[in-house]
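The values are calculated or read from the model by the stated rules, or taken from the named source; none is laboratory data. Because the structure is a prediction, the values reported are computed rather than measured. Here Cβ is always computed from backbone atoms with ideal geometry, including for glycine, and neighbour counts include all displayed protein chains. Note: accessible area is taken over every heavy atom of the protein model, side chains too, but ligands, DNA and RNA are not part of it. Shrake-Rupley method; radii C 1.70, N 1.55, O 1.52, S 1.80 Å.
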2 protein chains.
Amino acid sequence: MVTIKQVAEYAGVSVATVSRTLNDSGYVGKESRKKVEKAIEDLGYIPNEVARSLYQKTSKMIGLLLPDISNPYFPLLAKGVEDYAQQNGYMVLLGNVEDNSDKEDMYVKFFSQYNISGILSAASGQRKYNDSVPFVLLDRAKEDEIYSISTDDRLGGELAGQAILNAGGKKIIVMAGPQSVSGAKDRLSGILAELNKADADYRIFETDTYQVDKAEETAQNLFQTFQSFDSVIASNDVYALAVMKEAIKKGYRIPEDIQIIGYDDMLFSRLMYPGLTTIAQPAYQLGYKGAKMLVDLIEKNYVENKKVKLKPKLIERDSLR
Amino acid sequence: MVTIKQVAEYAGVSVATVSRTLNDSGYVGKESRKKVEKAIEDLGYIPNEVARSLYQKTSKMIGLLLPDISNPYFPLLAKGVEDYAQQNGYMVLLGNVEDNSDKEDMYVKFFSQYNISGILSAASGQRKYNDSVPFVLLDRAKEDEIYSISTDDRLGGELAGQAILNAGGKKIIVMAGPQSVSGAKDRLSGILAELNKADADYRIFETDTYQVDKAEETAQNLFQTFQSFDSVIASNDVYALAVMKEAIKKGYRIPEDIQIIGYDDMLFSRLMYPGLTTIAQPAYQLGYKGAKMLVDLIEKNYVENKKVKLKPKLIERDSLR
DNA sequence: CCTCAATCTGTAACCGATTACACATTTAGT
DNA sequence: ACTAAATGTGTAATCGGTTACAGATTGAGG
């Protein structure tokens with residue numbers, strides 16, 4: 001491994017001069033600069049970030065906390081984060097915390113041990129973070145004074161409600177995600193606002209998790225609990241898919257007998273038959289903009305809004321009448 | 001931030017004693033140990049990994065290179081890696097390289113700057129890695145002397161071929177993934193071996209990418225290129241899904257008119273209707289065992305096989321007759 | 001020609017850990 | 001009781017960078 005000392009020696013200058021050349025800081029003579037550049041080139045020198053980080057007490061790494069990478073929504077987020085980070089010279093350290101606050105703590109500790117420069121978290125956000133390091137909540141918002149970026153779930157709910165109503169939904173099942181998650185709550189209130197406004201006939205079916213492996217079971221449950229309905233507002237696309245499958249299996253036609261709307265807009269929602277009408281969350285954008293917000297915070301740039309909300313969008317396909 | 005020096009002072013011993021206590025190295029008296037432990041507790045000391053890493057020239061971080069996180073197959077891999085890493089005290093640094101070897105180079109350089117202790121790569125593997133750092137190829141195998149863990153794709157191909165034959169496939173379309181990827185090649189050879197053995201009637205439809213946003217287009221293309229067939233062996237589940245959609249749209253029944261088998265076994269493959277019969281790749285296992293192999297290499301434990309192959313499995317659902 | 005500021009460069013301290021080495025004290029064996 | 005080995009502890013060097021500070025050189029202005 002080539003060190004700055006070797007570069008200095010090869011170039012016939014001191015390490016200070018090499019460092020100044022590297023960082024464009026202080027004065028460096030033309031001659032020296034040239035010699036240093038040649039030395040770096042000849043030796044194939046790559047500065048060691050660990051040493052730099054030790055002195056600076058910060059690194060070019062950001063931590064990303066995700067509740068569940070195997071849920072297809074989060075990789076999209078992650079990709080947005082990764083893209084922005086990479087374009088701006090940051091690395092991302094991944095932490096899969098599975099709604100387990102011990103794991104969350106563990107990662108936060110891990111991160112601090114590595115002089116991480118900021119944290120992006122899509123996890124529960126239950127824990128109180130040490131505010132010594134910039135922190136942005138991703139995809140979840142909270143009341144208190146924390147930077148966050150999320151989807152306007154209330155609006156998403158309204159959109160879903162309107163779409164079902166416009167398609168002539170008469171007896172509607174509303175699947176409501178876990179109400180401990182603020183997004184699910186807002187969504188439900190948006191849906192109900194529209195439904196109530198139209199004085200529609202609906203029932204609420206509460207599901208206590210977003211876990212993908214519970215989807216089938218939940219769908220079966222739904223058909224057992226309710227007998228006659230013509231519309232379902234699902235809590236997300238995975239659950240919508242499970243409901244559709246169960247419906248078709250029971251001989252209902254979609255959307256003629258039962259119409260369904262999802263939430264998220266996953267890759268496969270477009271690919272199934274019939275295509276799933278859904279509310280698209282700008283997952284990639286969320287990740288990208290969240291990363292931008294965090295980097296701005298880290299570099300002490302001006303950040304306009306502490307809380308930004310992105311707009312969801314109705315994607316019309318074939319599962320509504 | 002609490003440093004080892006402060007702990008030493010508080011405990012009334014030297015930093016060397018604190019360090020020895022921390023690492024269970026060398027001799028530490030009972031009294032001293034107790035005092036140090038109390039100091040750590042009282043002060044809430046957390047050792048700085050950056051400093052340690054500088055001296056040791058290695059860290060407890062491993063790099064994970066993925067071709068595309070948004071492809072639902074890779075998060076499963078990542079989760080396996082993450083779980084093993086986390087259980088053994090390692091952090092994972094994520095790199096999304098998108099089959100772009102410049103990005104790949106960039107990440108490898110980044111990794112080395114951070115004294116990463118090993119690399120796990122599911123990327124092309126075109127580049128020659130600096131063998132100064134332990135390296136394991138994930139999901140892709142190569143001929144040369146490199147550690148790797150992958151699925152037995154040849155067997156996977158055979159399984160798919162047999163399944164189609166057993167289900168009475170007469171005129172078969174074989175979608176072959178990009179032949180530059182060794183897995184796709186092995187799979188094709190496995191399929192063809194079975195098909196030829198049975199003297200079956202088949203056509204090959206080569207697709208030059210696994211990119212998910214090309215799936216629909218490819219499916220339409222397939223139906224334009226061939227007119228009469230009763231079976232499709234898809235290159236993966238996403239493509240299988242796209243083909244199914246196109247088939248249903250064109251009025252074919254599945255599996256009565258056209259039967260389809262996929263590859264991968266994604267989460268949604270179970271949830272669609274009809275359920276997709278497919279060859280399951282043990283993605284999570286791959287990641288988990290790959291991480292284990294890498295950690296063994298890093299810690300210089302005995303590693304039995306340089307190249308391990310995991311067995312794929314036929315998952316029977318409803319898309320075959 | 002003199003003075004003061006601007007420019008250039010090197011020495012050494014520092015970041016927070018680990019560890020070689022030296023020295024002191026116990027303990028064990030004969 | 002004497003010696004050798006085992007045990008305990010601190011000082012200082014080290015890892016590879018950054019930067020405060022001081023000293024040297026150059027240039028501009030009067």
Requested in this report: Take the alpha-carbon centre of segment B:247-321, take the same for segment B:157-176, and report the distance between them in whole Å.
Outcome: 16
Query - Using alpha-carbon coordinates, inclination of helix A:237-249 to the longest axis of chain A, degrees - result: 30
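Please give the FRET efficiency for A:GLU9 paired with B:ARG33, using the beta carbon to beta carbon distance and R0 = 30 Å, rounded to the nearest 0.05.
Details: r = 44 Å, r/R0 = 1.45.
Step by step, r from the Cβ atoms, then E = 0.10.
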**Report entry** B:ILE46 paired with A:GLN285, simple spin-label distance in nm, labels 7 Å along Cα-to-beta-carbon
**Finding:** 3.5
Query raised in the report: For chain A, modelled as a Gaussian network with Cα springs under 10 Å, which listed residue fluctuates most, A:VAL108, A:VAL295, A:VAL136?
Result: A:VAL108
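Using only C-alpha positions, report the orientation-averaged shadow area of the convex hull of chain B, nm², one decimal.
On the way: hull surface 79.1 nm².
Dividing the Cα hull surface by four gives the mean projection, 19.8 nm².
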Report task. For chain A, set up a Gaussian network in which alpha carbons nearer than 10 Å are linked by springs, and say which option among A:VAL28, A:VAL50, A:VAL133 fluctuates the most. Result -> A:VAL28
Report summary line: Out of A:THR277, A:THR17, A:THR218, a Gaussian network model of chain A with alpha-carbon springs under 10 Å gives the largest mean-square fluctuation to A:THR17
**Report entry** Backbone HN-Hα couplings from phi across segment A:33-42 [Karplus 6.51/-1.76/1.60, Hz, Gly and Pro as x]
**Finding:** 4, 4, 4, 5, 4, 5, 4, 4, 4, 4
Requested in this report: Measure nothing but the geometry: give the 0 to 90° angle between the long axis through the Cα atoms of B:153-166 and the longest principal axis through the Cα atoms of chain B, rounded to 10°.
Outcome: 30
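Measure off, as a whole percent, the carbon and sulfur share of the 1.4 Å-probe accessible area of the protein assembly as shown, all protein chains present. Don't skip to the end; give the middle numbers.
On the way: 13610 of 28660 Å².
Reported share for carbon and sulfur atoms: 47 percent.
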Query raised in the report: Among the listed pairs A:LYS109/B:LYS79; A:LYS60/B:LYS300; A:LYS142/A:LYS313, which are separated by more than 26 Å between their Cα atoms?
Result: A:LYS60/B:LYS300
Query raised in the report: Relative to the other copies, what are the label-point distances for B:GLY12, with labels 7 Å from Cα along the C-beta vector, expressed in nm at one decimal and sorted shortest first?
Result: 5.8
Query raised in the report: Under 15 Å from the Cα of B:LYS38, which aspartates and glutamates turn up, not counting those fewer than eight places away in the same chain?
Result: B:GLU9
Requested in this report: Please name whichever of B:GLN224, B:ALA39, B:SER117 sits farthest to the positive end of the charge dipole of chain B, dipole taken about the Cα centre and charges placed at Cβ: Lys and Arg +1, Asp and Glu -1.
Outcome: B:ALA39
Query raised in the report: What residues of segment B:200-220 lose no less than 50 Å² of accessible area with every protein chain in place versus their chain by itself (probe 1.4 Å, heavy atoms only)?
Result: B:GLU216
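At the nearest 100 Å², what buried accessible area, both sides summed, do you get for A and B when the probe is 1.4 Å?
Values: alone 17010 and 17030 Å², together 28660 Å².
Using a 1.4 Å probe, the pair buries roughly 5400 Å².
Number of Lys pairs in segment A:181-275 with C-alpha atoms less than 29 angstrom apart, excluding same-chain neighbours closer than eight positions? Let's see the in-between values first.
Details: A:LYS185/A:LYS197; A:LYS185/A:LYS214; A:LYS185/A:LYS245; A:LYS214/A:LYS245; A:LYS214/A:LYS249; A:LYS214/A:LYS250.
Value for segment A:181-275: 6.
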Query raised in the report: In nm, what does the list of distances from B:GLY251 to its counterparts in the other copies look like, shortest first, when each label sits 7 Å along Cα to Cβ?
Result: 2.5
Query raised in the report: Projected onto the charge dipole of the protein assembly as shown (+1 at Lys/Arg Cβ, -1 at Asp/Glu Cβ, origin at the Cα centre), which of B:LEU66, B:THR209, B:THR3 gives the Cα projection farthest towards the positive end?
Result: B:THR3
Query raised in the report: To the nearest whole number, what is the average tally of beta carbon atoms from other chains within 10 Å of the beta carbons of peptide A:41-49?
Result: 2
Query raised in the report: Considering only the label points, 7 Å along Cα→Cβ from Cα, what distances in nm to one decimal separate B:GLY44 from the same position in each other copy, shortest first?
Result: 4.6
Query raised in the report: So how tilted is helix B:283-298 from the main axis of chain B? Cα-based, degrees 0 to 90, rounded to 10.
Result: 40
Query raised in the report: What average number of partner chain Cβ atoms lie no more than 10 Å from the Cβ of the residues making up A:240-253?
Result: 2
Query raised in the report: Amide H neighbours of B:GLY118 under 5 Å, counting only residues 5+ apart in sequence or on other chains, H built in-plane at 1.01 Å?
Result: B:GLY63
Query raised in the report: Which aspartates and glutamates have a Cα less than 20 Å from the Cα of B:LYS103, not counting those fewer than 8 places away in the same chain?
Result: A:GLU49, A:GLU82, A:ASP83, B:ASP68, B:ASP131, B:ASP139
Query - Heavy-atom accessible area per residue - the protein assembly as shown, 1.4 Å, Å² - result: 45
Requested in this report: Compute the signed sum of charges (Lys and Arg +1, Asp and Glu -1) over the other residues within less than 12 Å, Cβ to Cβ, of B:LEU276.
Outcome: -1
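Residues of B:100-111, mean number of Cβ from any other protein chain within 10 Å of their own Cβ, rounded to a whole number?
On the way: counts 0, 0, 0, 1, 0, 0, 2, 2, 0, 1, 8, 1.
Taking the mean over all residues of the peptide, I get 1.
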